[in-house]
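To start, the structure under review is shown below, and the notes come after it.
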Amino acid sequence: MKIAKISGGASLADPTASAWASVESVTVPLQPVPLDAQPTSYIREAWAGRSYGKTAQASVAAATDGQKLYVRLSWKDDERPNKEFQDAVAAVFPDGGGALGTLGDAEKPVAVWFWENGRSGGNSLTSHGPGVVRKDPGSGLAAAGELAGGSWNVVFGGPLAAARSGRVGVAVWNGSNDERGGLAAVSRDWVSLEQA
Amino acid sequence: MSTNGTGTVSTGSGQLAWVFDLNKCIGCQTCSVACKVLWTRESGEEQQWWCSVNTQPGLGTPKGWESMGGGIDVATGKPRAGHQPTREEFGGGWDFNYYEVFYGGTAGKAHLEPQAPRENRWAMNWDEDQGAGEWPNSYYFYLPRICNHCTNPVCVSACPTGALVKQEDGLVLRDEDVCMGDRFCMEACPYKKIYFNYERHVAQQCIGCFPRIEAGVAPACVRQCPGRAVFIGRLSDEDSPVHKLVNEWKVALPMHAEYGTRPNVYYVPPMSPARLKEDMSIDTENPRIPNEYLESLFGPDVHTALGTLKSEMEKVRGGGKSEILSTLIAYHWTELLGPFTQDPAELTPVS
Ligand code: SF4
Ligand code: SF4
């Protein structure tokens with residue numbers, strides 16, 4: 001997938017901006033983070049009989065204004081109401097060499113740009129496994145999401161250096177199904193990020 | 001509350017434990033309010049009552065918490081799935097129709113009531129003084145609850161980020177900078193004593209007043225209790241009333257030990273007068289609070305504990321002396337505070 005070069009980058013931060021219409025996007029299949037990779041015995045026991053990570057697919061697009069990397073993630077919303085947990089999404093980068101399917105592990109982490117509905121901005125995280133995350137403060141990450149026509153569109157705007165690895169993955173949390181931590185649907189493969 | 005950056009705070013070593021004497025608790029809520037005023041006054045903490053006092057039998061807080069699962073299966077050692085308590089189950093502070101009642105010209109017609117749909121009305125102490133049983137054998141008692149700072153804290157082991165740590169002094173504390181708000185701890189805790197701050201997106205619970213403990217001051221729930229019903233101390237300290245009541249005399253028992261987390265809050269079970277028979281004669285065989293109910297809370301040892309209390313009382317009535325009763329009476333209130341007798345008024349407050 002090519003990172004589109006767009007001038008006047010400010011509007012790219014807006015998930016509904018018309019600039020995104022001309023940017024190539026790739027649809028990727030998602031799969032649940034395996035139960036046996038979940039980090040605590042409580043989660044493995046409590047979720048043994050519950051399905052999660054069933055969001056089937058998401059689409060990814062990337063653009064830059066030469067200053068920042070913008071990643072736009074879209075997926076279909078599960079409209080069941082849930083007042084406790086919120087829909088969330090992440091762009092995942094292989095910095096640290098970790099595996100995508102488990103969102104890294106103890107030795108090899110992945111870098112995560114995280115957005116959650118109802119909370120302002122984005123969170124830059126280092127993930128050492130499903131839900132095993134640390135916040136990286138002062139990362140200069142921005143994020144905004146918009147629910148339109150039954151689909152979420154979320155845009156992250158962060159340091160261009162994140163594209164250096166040339167790959168990005170996607171993780172989706174369905175808040176309607178109490179998904180959080182490592183209970184996510186993750187893209188099966190990395191998507192290539194090519195400088196235009 | 002952040003810890004000191006190393007993930008631990010120091011208040012000395014040895015498991016801290018509380019004893020609540022349910023025969024002395026008058027349900028005044030001074031402990032819960034003292035805690036609230038000290039720790040949960042900020043926006044996002046409105047529904048949080050790290051110390052709560054409920055009328056038993058009752059649904060308590062969060063509503064129906066005893067049926068929410070969680071804890072550890074004692075036979076297998078495995079954690080059990082638990083329910084994530086909702087905002088409605090905790091309930092909240094309500095807006096009331098003050099204007100309508102006081103100024104609306106509705107004298108005799110309108111009465112004060114929360115402005116929320118009837119089915120959603122609940123709060124920390126919503127079923128106060130309801131209790132159970134039929135006149136003349138109706139009954140109830142008060143049950144103060146805090147986080148049990150369990151020896152086997154399933155909240156700690158459920159957390160994927162390592163935000164919760166069991167300290168050297170046995171307190172279970174959360175580093176809020178590490179907490180991601182995933183709330184597996186809330187699901188896993190069988191006592192449902194963890195709250196969620198929807199504004200700051202972190203879970204919160206009783207911190208055992210550790211900054212007070214560090215300064216030698218007893219926790220607010222202990223020091224402020226006008227009923228002299230709450231003791232604190234270290235279980236390993238053989239001179240501590242907590243040690244004596246729990247380990248030596250066995251008149252203070254854990255609640256719902258079957259939840260498998262080995263709680264460190266203990267209760268002196270409530271005694272009650274004899275039942276009245278239908279002809280109003282006294283049924284000396286059966287106490288007003290059914291034994292089965294107390295057993296469901298405090299386990300089979302409750303009968304021995306009540307028996308001990310009863311025989312000690314008889315001893316004193318007969319002119320004898322009872323160290324157990326003297327301890328429970330706490331002739332001087334500082335006896336309740338263990339080693340934490342420092343007067344907070346003599347310290348410089350930190351902001
Ligand atoms: S302050 Fe003491 S008497 Fe009052 S409710 Fe709390 S434990 Fe009971
Ligand atoms: S009472 Fe609940 S929150 Fe407190 S230590 Fe025990 S399991 Fe954890």
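The values are calculated or read from the model by the stated rules, or taken from the named source; none is laboratory data. All of these numbers come straight from a predicted model, not from anything done at the bench. Note that each Cβ is placed from the backbone with ideal geometry, even for glycine, and that neighbours are counted across all protein chains shown. Surface areas here come from the heavy atoms of the whole protein model, side chains and all, with no ligands, DNA or RNA. Shrake-Rupley method; radii C 1.70, N 1.55, O 1.52, S 1.80 Å.
Residue by residue, region B:22-30 carries 3J(HN,Hα) couplings of 6, 7, 10, 5, 9, x, 7, 6, 5 Hz when phi is fed to the Karplus relation 6.51 cos²θ - 1.76 cosθ + 1.60 (θ = phi - 60°); x denotes Gly or Pro.
The Cβ shell under 12 Å around residue B:197 holds other residues with a net charge of -1, Lys and Arg each +1, Asp and Glu each -1. For the pair region B:177-201 / region A:37-102, the C-alpha centres are spaced 20 Å from each other.
Jot down the per residue volume, in cubic angstrom and as a whole number, of the convex hull over the alpha-carbon atoms of the protein assembly as shown.
Hull volume over Cα atoms, normalised by residue count, gives 201 Å³.
Checking the cross-link pairs B:63/B:250; B:36/B:192; B:78/B:244; B:24/B:321; B:36/B:78 against a 28 Å limit on the alpha carbon distance flags B:63/B:250; B:78/B:244; B:36/B:78 as lying beyond it. Of the residues making up region A:156-196, those losing 40 Å² or more of accessible area when the isolated chain is joined by the remaining protein chains, with a 1.4 Å probe, are A:180.
For region A:2-195, report the accessible area per residue in Å² (1.4 Å probe, heavy atoms, rounded to an integer).
41
Which of B:140, B:267, B:195 moves the most in a Gaussian network model of chain B with Cα springs under 10 Å? Taking springs between Cα atoms under 10 Å, the residue moving most is B:140.
Just checking the listed ones, B:270, B:190, B:114: in the Gaussian network model of chain B with Cα springs under 10 Å, the one fluctuating most is B:114.
In region B:171-242, how does Rg compare with the Kirkwood Rh, expressed as the Rg/Rh ratio over alpha carbon atoms?
Here Rg/Rh amounts to 1.05.
Compared with the direct C-alpha span, the chain from residue B:28 to residue B:313 gains 100.1 nm at full extension, assuming 0.36 nm per residue.
Here the accessible area of the protein assembly as shown is 51 percent carbon and sulfur, with a 1.4 angstrom probe and all protein chains present.
Quick one: compute the contact order of region A:2-195, relative version, from alpha carbon pairs under 8 angstrom and 6+ residues apart, as a percent.
Relative contact order here is 29 percent.
Only helices enter this figure: runs of n ≥ 4 DSSP H residues, each worth -39500 (n - 2.57), summed and divided by the residues of chain A, yield -500 deg cm²/dmol at 222 nm to the nearest 500.
Between residue B:330 and any residue 5 or more places off or on another chain, the built amide H atoms are never under 5 Å apart. For the pair B and A, the buried accessible area comes to roughly 2100 Å² in total, with a 1.4 Å probe and the value rounded to the nearest 100. Rolling a 1.4 Å probe over the protein heavy atoms gives chain B an accessible area of 46 Å² per residue. Its DSSP H runs of at least 4 residues, each contributing -39,500 (n - 2.57), put the calculated 222 nm mean residue ellipticity of chain B at -5000 deg cm²/dmol, to the nearest 500. For the residues B:283, B:129, B:239, a GNM of chain B with alpha-carbon springs under 10 Å puts the largest fluctuation on B:283.
Residues of region A:38-78 buried by at least 20 Å² of accessible area upon assembly of all protein chains, compared with the chain on its own (1.4 Å probe): A:40, A:41, A:42, A:43, A:45, A:46. Scattering from chain B was approximated by placing one identical point on each alpha carbon and applying the Debye formula without solvent; log10 I(q)/I(0) at 0.09, 0.12, 0.13 1/Å stands at -0.53, -0.92, -1.07.
Give me the Debye-computed log₁₀ of I(q)/I(0) at q = 0.09, 0.11, 0.14, 0.15 Å⁻¹ for region A:2-195, equal point scatterers on Cα only, no solvent, two decimals. Log-scaled intensity ratios, in q order: -0.29, -0.44, -0.72, -0.83. The label point for residue B:335 and the one for residue A:27, both projected 7 Å from the Cα toward the Cβ, are 7.6 nm apart.
Could you tell me the number of lysine pairs in region A:2-195 with C-alpha atoms less than 24 Å from each other, where the two lysines are 8 or more residues apart or belong to different chains?
Here the count comes out as 7.
Using the Karplus relation 6.51 cos²θ - 1.76 cosθ + 1.60 with θ = phi - 60°, the per-residue 3J(HN,Hα) values for region A:150-161 come to x, 10, 8, 10, 10, 10, 9, x, x, x, 4, 4 Hz, with x marking Gly and Pro.
Residues of region B:150-172 buried by at least 50 Å² of accessible area upon assembly of all protein chains, compared with the chain on its own (1.4 Å probe): B:160. Charge tally around residue B:233: other residues with Cβ under 12 Å, Lys/Arg +1 each, Asp/Glu -1 each, net -3.
Mean separation of Cα pairs under 8 Å and 6 or more residues apart, divided by the residue count, gives chain B a relative contact order of 23 percent. Using the Karplus relation 6.51 cos²θ - 1.76 cosθ + 1.60 with θ = phi - 60°, the per-residue 3J(HN,Hα) values for region A:47-54 come to 9, 4, x, 10, 8, 8, x, 8 Hz, with x marking Gly and Pro.
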